[in-house]
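Colleague: Have a look at this one.
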Amino acid sequence: MIIHELGHLAAARRCSVPASELGLGLGPRLFGFRVRGVAFNLRLFPVASFVRLDGMALAQREIGQQLLVHLGGVGFNLIAAIGAYGTMFGWINLALGLVNLLPLYKHDGWKCGVAITRAILRKKSKPVEWVFTFSGGLVSLVIVNMLLRIFIR
């Protein structure tokens, strides 16, 4: 997960989007350190990871830069998967990258879809974003169901 979040952080830096924290895990902070203005924190529950970005600054960037930041993690996962081809580490990075492309709420694929929708409409539209969120969730369930049927036989 750290590779994925480092990808987001690198892309955010490239696009001049401020980041205040890279967190590994959720919940209370166990320990951490700061590097170049970013807090790197290990948290109690190792179930997720995140980069805390300045959302207002990101929203002001052109659509290409927004997509670069949202897909930076997937890109780093794919690079790691290629670099570690054939190993468990490579397969895990490939899986993390691909799962994050699904249009599930708060995943990178969903964030890209919302950014594209807002760029097309030139504004936020809660009804359109709700439709995208629910249809993206349904599509994701269908894709996961199909993959499970293929690989679990």
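What follows is calculated from the coordinates using simple rules that are stated; it is not laboratory data. Every value quoted in this text rests on a predicted model; they were computed, and no experiment measured them. Cβ: placed from backbone, ideal geometry, glycine included. Neighbour counts: every protein chain shown.
Colleague: Please name which of 18, 1, 139 has its Cα lying farthest along the dipole of the chain towards the positive end, using unit charges on Cβ (Lys, Arg +1; Asp, Glu -1) and the Cα centre as origin.
Modeller: 18
Colleague: May I have the pair-distance distribution P(r) for the stretch 1-89, computed from all Cα-Cα distances with 5 Å bins from 0 and rounded to whole percent?
Modeller: Taking every Cα pair in the stretch 1-89, the percentages come to 3, 15, 22, 21, 18, 14, 6, 1, 0.
Colleague: Charges only on Cβ, +1 for Lys and Arg, -1 for Asp and Glu: so what's the dipole of the stretch 47-153 about the Cα centre, in debye to the nearest 20?
Modeller: Computed charge dipole of the stretch 47-153: roughly 300 debye.
Colleague: Moving on to the next point. Projected area of the stretch 102-153, taken from the Cα convex hull and averaged over every viewing direction, in nm²?
Modeller: Reported value for the Cα convex hull: 3.6 nm².
Colleague: Turning to a different aspect of this structure: Just to be sure I understand the rule: take each whole DSSP H helix in the chain, project its Cα atoms onto its long axis, keep it if the span is 27 Å or more and its mean Kyte-Doolittle hydropathy is at least -1.0. Which ones pass?
Modeller: The answer, listed by residue number, is 63-83, 126-151.
Colleague: Here's another thing I want to ask about it. Residue 51: net charge of surrounding residues, Cβ under 9 Å, Lys/Arg +1, Asp/Glu -1, itself excluded?
Modeller: Taking every Cβ under 9 Å from that of residue 51, the sum is -1.
Colleague: Modelling each spin label as a point 7 Å along the Cα-to-Cβ direction, I'd like the residue 148/residue 98 distance in nm, to one decimal.
Modeller: Result: 1.6 nm between the two label points.
Colleague: Restricted to Cα positions, what overall size does the stretch 85-124 have along the principal axes? Three whole-Å values, descending.
Modeller: Computed over the stretch 85-124, the largest-to-smallest principal extents equal 44, 16, 8 Å.
Colleague: Determine, from the Cβ-Cβ distance of residue 34 and residue 79 and an R0 of 25 Å, the FRET efficiency 1/(1 + (r/R0)^6), rounded to the nearest 0.05.
Modeller: That gives a FRET efficiency of 0.45.
Colleague: Arrange the following residues from fewest to most other Cβ atoms within 10 Å of their Cβ: 108, 54.
Modeller: 54, 108
Colleague: OK, next. Across all directions of projection, what mean area in square nanometres is found for the Cα convex hull of the chain?
Modeller: Mean shadow area of the hull around the Cα atoms is 10.5 nm².
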